[in-house]
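*Asks:* Please read through the structure below; I'll follow up with questions.
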Amino acid sequence: MDLTCMVLLMSLVSGCAITHKETPIFPAVTPAIKPDYPLSPAIQRLYDPWNPYEDRSNELYTNFKYTPLKGLELRPEISRRDPSKILKIDGIYHVWYTYRNSQALPAGPKAATGIIPSYDWDLSELMHATSKDGVTWKEQGIAVQRLPKPQYGWRSVTTTDILIWKGKFYLYYQGFNEIPGLRGDRAAVTVASADSPYGPWTPHGEVVVDFGDKGDWDSNAIHDPNPIIFNGKIHLYYKGSPQRGGRDDTIIRAQGVAIAEHPLGPFIKSPLNPVINSGHETCMFPFKDGVAAIVSLDGPEKNTVQYAPDGVNFEVASMIQVPPVAPGPFVPDAFADNGDGRGISWGLCHIMDKESGANNSILARFDCDLSLDINRDFFKRNNLRFNDETYFQKSTHYNGYLKKLVERQDKKSKAHL
Ligand code: AAL
């Protein structure tokens with residue numbers, strides 16, 4: 001080392017020592033207790049609302065790993081999506097989901113007919129499937145069919161979730177009485193009941209959670225019903241939307257809750273609705289003495305897990321990556337209402353099917369660690385890396401579709417300058 005370097009090094013070392021004495025420098029090992037010397041706002045946030053061990057010791061942080069399912073026949077005209085939560089009854093897992101086996105692929109609202117669906121969830125019914133291991137599933141047949149026009153849900157019945165109340169089974173679902181997409185994705189929530197998970201199911205034939213009034217945040221859509229029992233009452237969470245197919249409304253997607261003392265209602269919407277400002281397919285589960293939610297896809301708080309000690313006042317608990325789309329978790333204590341929710345470790349979700357390329361979906365399994373009963377370090381890692389298939393999906397080449405899109409958008413924005 002030459003003299004200049006040596007002098008430089010010595011002055012750096014002595015400089016550090018002097019600074020360290022005057023103002024403590026944040027140490028290499030993160031202090032377990034929030035230091036009482038001045039901290040940047042970023043480091044303050046590390047302690048409040050986060051914690052010094054960040055994601056690793058956050059019970060509500062997880063990664064998600066995905067596995068293809070076995071046993072479900074894959075054909076381009078069959079679409080399966082929006083699975084319910086999963087129940088385990090007498091050692092068998094049960095799930096219900098949107099099933100479309102239409103004669104044509106989705107063609108958009110304008111081209112839709114009595115046999116051509118507009119979207120992936122048009123002209124659908126509710127399928128029931130069972131499994132012994134959560135990977136291989138067997139379809140048991142349609143649980144709830146579309147009824148003949150003009151009965152409720154004649155156009156499509158979709159996006160269901162299950163409740164057990166006093167020994168009886170209730171499937172809540174979206175009932176479409178018009179082509180999805182014609183006036184927005186306009187559906188409210190209805191219910192069917194049965195004495196056994198295998199049915200037969202009796203559709204109630206009426207709306208149980210209805211649209212909000214004109215101008216309300218949920219005036220045009222009550223989607224993704226998600227019932228749990230909390231504090232002695234049925235808490236039916238749902239995604240509401242005022243949109244009519246446009247993207248200009250202030251709140252595009254948000255989550256609300258409607259509460260009832262009987263499965264057929266009346267369901268009273270919380271005066272605090274919407275209780276989550278983001279998210280798409282609603283997914284709530286009891287956690288400790290409160291309620292946790294996976295919030296994905298839409299809104300400023302997308303890709304977070306949130307927690308509400310009272311089921312209503314939700315706060316962000318973690319930021320997650322590649323969360324399941326439309327998660328239907330296995331929630332053994334969804335209806336236990338014992339103030340000791342244990343969380344979730346797996347479930348089903350849906351993924352767009354790249355083979356059919358027509359907005360068809362397939363079901364997949366996800367695993368995670370949002371459970372108090374397991375401790376799987378590999379689900380608590382951050383810094384996830386993805387391969388080229390993920391990065392290049394849908395974008396094609398810059399010379400193709402993306403280039404045209406970019407040029408069109410740039411032209412439009414210049415026109416506004
Ligand atoms: C979803 C859900 C609802 C919507 C459509 C089918 O995944 O949010 O169910 O209506 O898309």
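*Asks:* Hey, got the dipole for the chain? About the Cα centre, +1 on K and R Cβ, -1 on D and E Cβ, debye to the nearest 20?
*Replies:* The calculation lands at about 1120 debye.
*Asks:* Using only the alpha-carbon atoms of region 65-382 as identical scatterers, what base-10 log of I(q)/I(0) does the Debye formula give at q = 0.09, 0.16 Å⁻¹?
*Replies:* Listed by q, the Debye log ratios stand at -0.40, -1.46.
*Asks:* Any lysines with Cα under 19 Å of the LYS233 Cα? List them, leaving off those in the same chain fewer than 8 positions away.
*Replies:* Counting by Cα, and skipping residues close in sequence, LYS233 has these lysines nearby: LYS85, LYS166, LYS168, LYS269, LYS288.
*Asks:* Still on this structure, please answer the following. Of all the C-alpha pairs in region 231-325, what % are more than 21 Å from each other?
*Replies:* 31 percent
*Asks:* At a Förster distance of 25 Å, what's the computed FRET efficiency of ARG381 paired with THR67, Cβ-Cβ distance as r, to 0.05?
*Replies:* 0.85
*Asks:* Here's a follow-up. At what distance in nm do the modelled label points of VAL322 and ALA107 sit from each other, each positioned 7 Å from its Cα along Cα→Cβ?
*Replies:* Result for the modelled spin labels: 3.6 nm.
*Asks:* Oh, and also: Between ASP210 and GLU77, take the C-beta separation as r, use R0 = 45 Å, and let me know the FRET efficiency to the nearest 0.05.
*Replies:* Here the calculated transfer efficiency is 0.85.
*Asks:* Report the paramagnetic label zone for TRP165: residues of region 210-228 whose backbone N is under 19 Å from a point 7 Å from Cα along the Cα-to-Cβ axis.
*Replies:* The answer is 210-211, 222-228, whose backbone nitrogens lie closer than 19 Å to the label point.
*Asks:* Mind ranking 85-97, 113-125, 45-57 by how tightly packed they are, going by the mean number of other C-beta atoms within 10 angstrom, highest first?
*Replies:* Sorting 85-97, 113-125, 45-57 by mean packing, highest first, produces 113-125, 85-97, 45-57.
*Asks:* What are the lysines whose alpha-carbon lies under 17 Å from the alpha-carbon of LYS404, with same-chain residues fewer than 8 places away excluded?
*Replies:* Partners found: LYS394, LYS412, LYS414.
*Asks:* Right, something else. Could you calculate, for region 29-123, the ratio of the Cα radius of gyration to the Kirkwood radius, expressed as Rg to Rh?
*Replies:* In region 29-123, Rg relative to Rh is 1.30.
*Asks:* Against the longest alpha carbon principal axis of the chain, how many degrees, from 0 to 90 and to the nearest 10, is the axis of helix 3-22 turned?
*Replies:* For helix 3-22, the angle is close to 70 degrees.
*Asks:* Obtain the nm distance between the two label points defined at TYR391 and SER196 by a simple spin-label model: each point lies 7 Å from its Cα along the Cα-to-C-beta direction.
*Replies:* 5.4 nm
*Asks:* Hey, how many Å between the Cα centroid of region 263-317 and the Cα centroid of region 103-133?
*Replies:* Each part reduced to its Cα centre gives a spacing of 28 Å.
*Asks:* Follow-up. What number comes out for the charge environment of ARG100, summing +1 per Lys or Arg and -1 per Asp or Glu over other residues with Cβ under 9 Å away?
*Replies:* With Lys, Arg at +1 and Asp, Glu at -1, the neighbours total -2.
*Asks:* Tell me the label-point distance for the pair ILE89, VAL29, using the 7 Å Cα-to-Cβ offset, in nm and rounded to one decimal.
*Replies:* 5.4 nm
*Asks:* Count charges around SER318 for me, please; just the other residues with Cβ under 12 Å from its Cβ, Lys/Arg as +1, Asp/Glu as -1.
*Replies:* -4
*Asks:* Against the longest alpha carbon principal axis of the chain, how many degrees, from 0 to 90 and to the nearest 10, is the axis of helix 401-415 turned?
*Replies:* 80 degrees
We did not get these values from a lab; they are worked out from the coordinates using the rules stated. None of the values given here were measured: they were computed from a predicted structure. Positions of Cβ are backbone-derived with ideal geometry, glycine not excepted, and every protein chain shown enters the neighbour counts.
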